[in-house]
């Protein structure tokens, strides 16, 4: 989406050669690479510090070992960093781009010649009976709470869903004193085994997985198994899992469920960037279909920190006009992308997960919309108009991907502001 080319900021403004949205691995690598070339760089992130969700750490505590060197590169660079900042719009001007943002409770406007989008991803939450109970949370959400110091000592925990993230979260919960009862991977054993064999060129990943598994060796790890129901009065008390033939019910205090990640493409879509199969389309230089806008990390396809770092460095160098210097990274990026595509296929949610919902199962929890209120013949726009599904405070970030999985809908249009903001922030725009 484009706006008037004579737009100027009407409030507090930053001026930069390159604006980087997101301070996770991709954003840090992009900003550090661009800053090395002498460009004026500003980094905008919703969090309280560098690292993003994957390398989140509590204030005053050291980051994970893998994150330290990259955080050091960004902190030691000339890039300006703006945290507690939500970017809500991105528009083209005659000289570049304007990003509308809210920093804390104050409006912030950033003018930049080029932009790197490193907006990350969010969890894919697929509804099932009881998923809205207190004590049921995303796998990534549980990881974030642990990193912020939440105590799980003695709590009976079940982890379920799909993908490699289950392993480190299970290991962290066990290490934090939780009584881990079961880790249920919905992908079948043969699929998981074939994916493991496909990693023979990257033995470090296999060793890492083995180390994680060793940390919760007393808990069962079941493949081809998924949650069919959670039950409780005021909070979750037990969970039923199934392999499609048999069911088992476990008493638990905490249920962590996640079926992978969904690329966060809203800002790219607002800017008019092409998106295909839920991923921002980029060329070899990580440039989108909008000239001057680059994208790296999870918005271009879920691939983990290693791929995000490489893509971020390529995007930063390319945005700084040093695309030739980025060519040396292409082979590594392409190899990591192949692994990511193999992982995506291996851990894709199985069709049986659509069958666990009943007609009274809430599918849009912001607006309390049950599955039975939605006609499969509708489009996502009709579902919004008739039931308000996707119109709540999360703006479809939770239910949108779930309803797409259930009904095959394509995402509806995105309009600014893409995040909830104060009216004073909107009034400051002109």
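The values are calculated or read from the model by the stated rules, or taken from the named source; none is laboratory data. Here the structure is a predicted model, which is why all the values come from computation and not from measurement. Cβ atoms come from the backbone with ideal geometry, glycine included; neighbour counts cover every protein chain shown.
Are any residues in segment 368-380 out of contact with any strand residue (DSSP E or B) (no Cβ under 9 Å at 6 or more places or on another chain) and assigned to a helix (DSSP H, G or I), and if so, which ones? Give the steps one after another, and end with the answer.
Within segment 368-380, the first condition is being out of contact with any strand residue (DSSP E or B) (no Cβ under 9 Å at 6 or more places or on another chain), and the residues that meet it are 372, 375-380.
Correct list: 372, 380.
With the condition kept exactly as written, say whether any residue in segment 38-51 is in the same structural domain as residue 309 (by TED's automatic domain parsing), modelled with pLDDT under 95 and within 19 Å of residue 307 (Cβ to Cβ).
Here is the first cut: in segment 38-51, the residues in the same structural domain as residue 309 (by TED's automatic domain parsing) are 38-51.
Narrowing further to those that are modelled with pLDDT under 95: 46-51.
Then keep just the ones that are within 19 Å of residue 307 (Cβ to Cβ); that gives 50-51.
Yes, the conditions are met somewhere in segment 38-51.
Would you check if there is a residue in segment 248-260 being surrounded by 16 or more Cβ atoms within 10 Å (Cβ to Cβ), modelled with pLDDT under 95 and within 25 Å of the chain's Cα centre (by Cα)?
So far as segment 248-260 goes, yes, one or more of its residues are surrounded by 16 or more Cβ atoms within 10 Å (Cβ to Cβ), modelled with pLDDT under 95 and within 25 Å of the chain's Cα centre (by Cα).
Do you know which of the residues in segment 138-155 that are touching a strand residue (DSSP E or B) at 6+ places or on another chain (Cβ under 6 Å) and surrounded by 19 or more Cβ atoms within 10 Å (Cβ to Cβ) is farthest from residue 340 (Cα to Cα)?
Top of the filtered list is 142.
Condition test on residue 338, is it more than 19 Å from the chain's Cα centre (by Cα) and within 25 Å of residue 401 (Cα to Cα)? So that I can check it myself, show each step before the final result.
On the way: more than 19 Å from the chain's Cα centre (by Cα): yes; within 25 Å of residue 401 (Cα to Cα): yes.
Here the answer is yes, as residue 338 does meet what is asked.
Kindly provide the set of residues from segment 82-96 that are surrounded by fewer than 21 Cβ atoms within 10 Å (Cβ to Cβ) and in contact (Cβ under 8 Å) with a residue 40 or more places away in the chain, ordered by number. Walk me through how you get there before you give the answer.
First, the residues of segment 82-96 that are surrounded by fewer than 21 Cβ atoms within 10 Å (Cβ to Cβ): 82-84, 86, 91, 93-96.
Residues satisfying the conditions are 82, 83, 86, 91, 93, 94, 96.
Kindly establish whether residue 29 is in contact with a strand residue (DSSP E or B) (Cβ under 6 Å, 6 or more places away or on another chain) and not assigned by TED's automatic domain parsing to the domain that holds residue 140.
no
Quick one: count up the residues across segment 281-304 that are part of a helix (DSSP H, G or I) and surrounded by 22 or more Cβ atoms within 10 Å (Cβ to Cβ).
Pass one, segment 281-304, residues part of a helix (DSSP H, G or I): 298-300, 304.
Filter once more, so that each one left must be surrounded by 22 or more Cβ atoms within 10 Å (Cβ to Cβ): 298-300.
Count: 3.
Please work out which one of (1) touching a helix residue (DSSP H, G or I) at 6+ places or on another chain (Cβ under 9 Å); (2) part of a helix (DSSP H, G or I); (3) within 11 Å of residue 128 (Cβ to Cβ) is the condition residue 355 fails and give its number.
Residue 355 satisfies every listed condition except (1).
Take the residues in segment 381-403 that are more than 17 Å from residue 132 (Cβ to Cβ) and touching a strand residue (DSSP E or B) at 6+ places or on another chain (Cβ under 9 Å); name whichever of them is surrounded by the fewest Cβ atoms within 10 Å (Cβ to Cβ). I'd like the intermediate steps shown before the answer.
So the first thing to find is which residues in segment 381-403 are more than 17 Å from residue 132 (Cβ to Cβ), and the list is 381-386, 391, 395.
Okay, now just the ones that are also touching a strand residue (DSSP E or B) at 6+ places or on another chain (Cβ under 9 Å), so 383, 391.
Numbers: 383: 26, 391: 18.
It comes out as 391.
Just need a number here: residues in segment 166-208 that are assigned to a helix (DSSP H, G or I) and closer than 27 Å to residue 154 by Cβ.
10
Quick check on this structure: which one of 411, 417 is over 30 Å from residue 306 (Cα atoms) and modelled with pLDDT under 95? It would help to see each step written out before you state the result.
Numbers: 411 fails: over 30 Å from residue 306 (Cα atoms).
Sole residue among the options that is over 30 Å from residue 306 (Cα atoms) and modelled with pLDDT under 95: 417.
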